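> First, the structure itself, so that you have it in front of you.
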Amino acid sequence: MRIVRVFLGVLLLGVISPCVFAQEQPKKKLIELGWDIPTTEYVRNNWQEMEANAPFDGIMYDLVAKSDDGKKVASQSLFTADSWKQEWFSSCVQDLKSCDFQRYHNNFIRVNFYPTPFDWADEECWKDVCEKARICAWVARQTNDGLCFDFESYGAHMFRHDPSTGRSFDESKALARQRGAEMFGAICKEYPDVVVLCLWMNSVNFAAGRSENPDFVLRTGYYGLLPAFIDGMLDAVAPETTLIDGCEAGYYMNGAAQYDRATCDMLLATGPAVRLVSPENRKKYRLQVQAGFGFYLDMYSNPKGSAYYRGPEPGETRFDRLAANLRAAWNAADEYVWVYGEQKRWWPPENAGSDDEWTSWEEALPGITDFIFQLSNPKIAAKVFKERVLSDPDVVNLCVNGDFSDVAENGTPASWGTWQIETHATGEFAVRDGAAVLKGMNNGCYIQKVDTMPGESFFITGKMKATGDSFGNFRVRWQDSNGAWVNDALDVMIFPDSDEPDETGYVELTGSVVVPDGSNALVLLLLASGADPNGVVSYDDVKIYGSRKR
């Protein structure tokens with residue numbers, strides 16, 4: 001086969017040594033939010049279908065109950081002039097406890113800051129609001145869920161300083177900070193280790209944080225009092241609490257550089273978000289606040305000309321752009337990315353009949369389900385893909401000489417190409433004891449190409465053994481019909497399933513891939529890297545399962 005060497009040297013630098021992960025990082029999560037937000041009753045009745053159709057790590061849901069007089073009360077309407085009783089929400093707890101979630105282990109109660117007209121100085125109002133927030137925290141604690149704060153002003157501009165009150169901006173800030181501390185004090189007393197995912201925190205006020213005089217900008221801003229409220233939250237936060245700035249502005253970001261810059265702006269000690277925090281709370285902020293991102297699916301399904309439209313870059317499709325940006329948000333986030341959608345749905349409307357028309361996100365963006373599943377849960381996705389692919393009567397192993405029984409005259413595996421970085425081309429390729437061996441390889445690989453069509457699914461498996469200071473893994477890349485590398489952002493790295501080898505010293509690698517648009521070939525790389533001239537990486541039993549209907 002023809003081996004294309006362009007860019008391999010750069011891309012193989014992505015091979016990662018296990019020592020990089022000396023400190024375990026939290027597993028990242030994708031959380032669903034949309035106009036299809038469910039109630040706990042809907043979740044109870046449909047959780048299996050929801051998990052089957054929406055491959056997330058968790059969802060946001062609306063906490064809905066009935067008062068003694070039958071009136072509906074909900075967590076999305078916290079700022080109303082009524083009081084709640086905790087027992088009203090016992091049925092919500094039971095709804096959630098009845099679900100045997102397999103993947104939705106990171107769920108959040110949606111709490112809207114959607115006020116009827118009120119005043120920051122209204123003691124009775126805030127007493128009721130804080131008690132309602134405590135009740136939401138009580139439900140979340142019973143179910144090991146979190147809280148989602150949406151600070152957006154859908155009605156009255158709650159966080160905008162109102163001079164007509166007769167208070168100065170400094171006086172309004174002091175009140176906002178007091179109320180933030182009261183609300184969060186109530187929450188943390190009930191549930192100290194709560195996770196609170198805010199759809200935005202100080203990321204909504206980056207412009208003020210970059211200003212030489214932040215208060216000058218905040219004084220007339222729609223969210224000018226929010227930094228003070230967040231300061232109050234930090235005043236009362238428990239040491240176990242986690243806060244996430246969900247950076248809703250992620251909707252409009254394009255490219256990894258913009259997401260990475262936003263992470264720095266949220267977390268760096270000199271960044272605009274931290275500059276809006278009072279000096280006494282900055283250490284606490286840096287220890288307990290994470291960077292997250294919102295991701296707006298409608299940007300990639302709306303028609304061209306819409307105010308919310310994200311088109312493709314040259315040479316790619318809109319789905320390619322979606323995939324590249326969602327992966328960029330995922331990589332830049334500390335732990336959470338929330339995926340928001342409006343015009344389509346992940347599951348049927350509540351009380352929908354058989355004739356009710358609705359469009360799923362998979363119909364609108366074919367391949368989105370598999371992509372999200374693979375991004376957030378690659379090992380589970382690989383298992384599901386394996387079952388799907390191997391149950392296909394037309395499945396076949398498309399890998400040629402994956403058992404390495406056929407040896408070329410030069411001693412390397414037949415039907416496999418070889419490559420190593422030219423500046424350190426001191427490694428050895430060979431077949432030994434029925435395995436493909438890479439010895440003393442600084443950066444190198446075996447290569448095999450399989451012709452494909454966009455949208456096809458493949459399950460890839462094999463065994464790998466590494467000795468000495470060497471490391472190996474699979475990488476899947478893509479080429480077009482001319483043999484040029486394409487869709488670099490959609491390369492797939494497949495690492496060992498376990499650190500525990502079998503009795504022969506091998507570990508298993510399994511993974512699944514979906515061919516992106518514009519790709520006509522899957523290129524499998526069996527990688528090896530390290531600084532040990534005597535280190536050896538061996539591969540055996542490599543298979544690429546796909547359909548023979550090609």
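The values are calculated or read from the model by the stated rules, or taken from the named source; none is laboratory data. A quick note: this is a predicted structure, and the numbers were derived from the prediction, not measured. All Cβ positions, even for glycine, are placed from backbone atoms using ideal geometry, and neighbour counts span all protein chains on display. With ligands, DNA and RNA removed, areas are computed over all heavy atoms of the protein, side chains included. Shrake-Rupley method; radii C 1.70, N 1.55, O 1.52, S 1.80 Å.
> Here are E342, E362, E335: which of them is open to solvent by 10 Å² or more (accessible area, probe 1.4 Å), touching a residue at least 24 places away in the same chain (Cβ under 8 Å) and more than 24 Å from G311 (Cβ to Cβ)?
It is E335.
> Quick one: which of A236, A186 is touching a Phe, Trp or Tyr at 6+ places or on another chain (Cβ under 8 Å) and either open to solvent by less than 10 Å² (accessible area, probe 1.4 Å) or closer than 25 Å to S77 by Cβ (or both)?
Of the residues listed, the single one that is touching a Phe, Trp or Tyr at 6+ places or on another chain (Cβ under 8 Å) and either open to solvent by less than 10 Å² (accessible area, probe 1.4 Å) or closer than 25 Å to S77 by Cβ (or both) is A236.
> Mind listing whichever residues of the range 209-231 are touching a Phe, Trp or Tyr at 6+ places or on another chain (Cβ under 8 Å), in a helix (DSSP H, G or I) and touching a residue at least 60 places away in the same chain (Cβ under 8 Å)?
Once the filter is applied, which keeps residues that are touching a Phe, Trp or Tyr at 6+ places or on another chain (Cβ under 8 Å), in a helix (DSSP H, G or I) and touching a residue at least 60 places away in the same chain (Cβ under 8 Å), the range 209-231 yields L226, F229.
> I need the full set of residues from the range 471-494 which are within 16 Å of S538 (Cβ to Cβ) and modelled with pLDDT under 90, in order please.
Those that are within 16 Å of S538 (Cβ to Cβ) and modelled with pLDDT under 90: none in the range 471-494.
> Only one of (1) at pLDDT 95 or above; (2) closer than 21 Å to P516 by Cβ is not met by N401, so which one is it?
(2)
> Exactly one of these conditions fails for A489: (1) of a type outside the set (D, E); (2) in a strand (DSSP E or B); (3) open to solvent by 10 Å² or more (accessible area, probe 1.4 Å). Give me its number.
(2)
> For a quick check of your reading of the model, give me the residue pairs whose first member lies in the range 519-543 and is over 19 Å from I421 (Cα atoms) and at pLDDT 95 or above, whose second is crowded, with 23+ Cβ neighbours inside 10 Å and among the hydrophobic types (A, V, I, L, M, F, W, C), with beta-carbon atoms closer than 6 Å and at least 6 apart or on different chains.
Y539/A436; Y539/M464; Y539/L526
> From the list C130, C136, C125, C148, exactly one residue is in contact (Cβ under 8 Å) with a residue 60 or more places away in the chain and in a helix (DSSP H, G or I). Which is it?
C136
> Please name all residue pairs, on different chains or six or more residues apart, with Cβ atoms under 6 Å, provided the first residue is in the range 90-119 and is over 20 Å from C148 (Cα atoms) and the second residue is open to solvent by 70 Å² or more (accessible area, probe 1.4 Å).
S98/R44
Condition check ((1) in a helix (DSSP H, G or I); (2) aliphatic (A, V, I, L, M); (3) loosely packed, with under 13 Cβ neighbours inside 10 Å) across all residues:
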| residue | (1), (2), (3) |
| --- | --- |
| Q76 | yes, no, no |
| T80 | no, no, no |
| W84 | no, no, no |
| C92 | yes, no, no |
| Q102 | no, no, yes |
| I109 | no, yes, no |
| P115 | no, no, no |
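> Related question: Of the residues E428, E422, which single one is more than 37 Å from the chain's Cα centre (by Cα) and among the acidic types (D, E)?
None of the others qualify; the one that does is E428.
> While we're here: Checking L322 against (1) without any contact (Cβ under 8 Å) to a residue 60 or more places away in the chain; (2) part of a loop (DSSP other than H, G, I, E, B), which test does it fail?
(2)
> Which of (1) surrounded by 22 or more Cβ atoms within 10 Å (Cβ to Cβ); (2) in contact with a His (Cβ under 6 Å, 6 or more places away or on another chain) does F474 not meet, given it meets every other one?
All conditions pass for F474, except number (2).
> Starting from the range 255-276, keep only residues that are in contact (Cβ under 8 Å) with a residue 12 or more places away in the chain and of a type in the set (G, A, S), then list their pairs with residues that are open to solvent by less than 60 Å² (accessible area, probe 1.4 Å) and not in a helix (DSSP H, G or I) whose Cβ atoms are within a distance under 6 Å, requiring at least 6 positions of separation or different chains.
Correct list of pairs: A262/C247.
> Here's a follow-up. Which numbered condition trips up S405, out of (1) surrounded by 14 or more Cβ atoms within 10 Å (Cβ to Cβ); (2) closer than 14 Å to V542 by Cα; (3) among the small types (G, A, S)?
Going through the list (1) surrounded by 14 or more Cβ atoms within 10 Å (Cβ to Cβ); (2) closer than 14 Å to V542 by Cα; (3) among the small types (G, A, S), S405 breaks only (1).
> Right, another one. Taking into account only those residues within the range 526-535 that are buried (at least 23 other Cβ atoms within 10 Å of the Cβ) and among the aliphatic types (A, V, I, L, M), which is farthest from L375 (Cα to Cα)?
The extreme case among them is A528.
> Sticking with this one: Here is a check on your reading of the model: is E508 out of contact with any strand residue (DSSP E or B) (no Cβ under 7 Å at 6 or more places or on another chain) and either in contact (Cβ under 8 Å) with a residue 40 or more places away in the chain or surrounded by fewer than 22 Cβ atoms within 10 Å (Cβ to Cβ) (or both)?
No.
> I've got another one for you. Does the range 372-392 include one or more residues that are over 30 Å from S529 (Cβ atoms), of a type in the set (S, T, N, Q) and either open to solvent by 40 Å² or more (accessible area, probe 1.4 Å) or more than 13 Å from the chain's Cα centre (by Cα) (or both)?
Yes; the residues of the range 372-392 include at least one that is over 30 Å from S529 (Cβ atoms), of a type in the set (S, T, N, Q) and either open to solvent by 40 Å² or more (accessible area, probe 1.4 Å) or more than 13 Å from the chain's Cα centre (by Cα) (or both).
> I'd like to verify a number: residues in the range 117-133 that are surrounded by 20 or more Cβ atoms within 10 Å (Cβ to Cβ) and closer than 27 Å to I31 by Cα, how many?
Looking only at that region, the number is 3.
> Starting from the range 178-195, keep only residues that are under 17 Å from Q86 (Cβ atoms), then list their pairs with residues that are in a strand (DSSP E or B) whose Cβ atoms are within a distance under 9 Å, requiring at least 6 positions of separation or different chains.
These pairs meet every condition: I187/L147; I187/V196; Y191/L147; V194/G146; V194/L147; V194/T242.
> Report, by residue number, each residue of the range 293-319 that is surrounded by 14 or more Cβ atoms within 10 Å (Cβ to Cβ), free of Cβ contacts under 8 Å to residues at least 12 places away in the same chain and closer than 26 Å to D245 by Cα.
Y309, the sole residue that qualifies.
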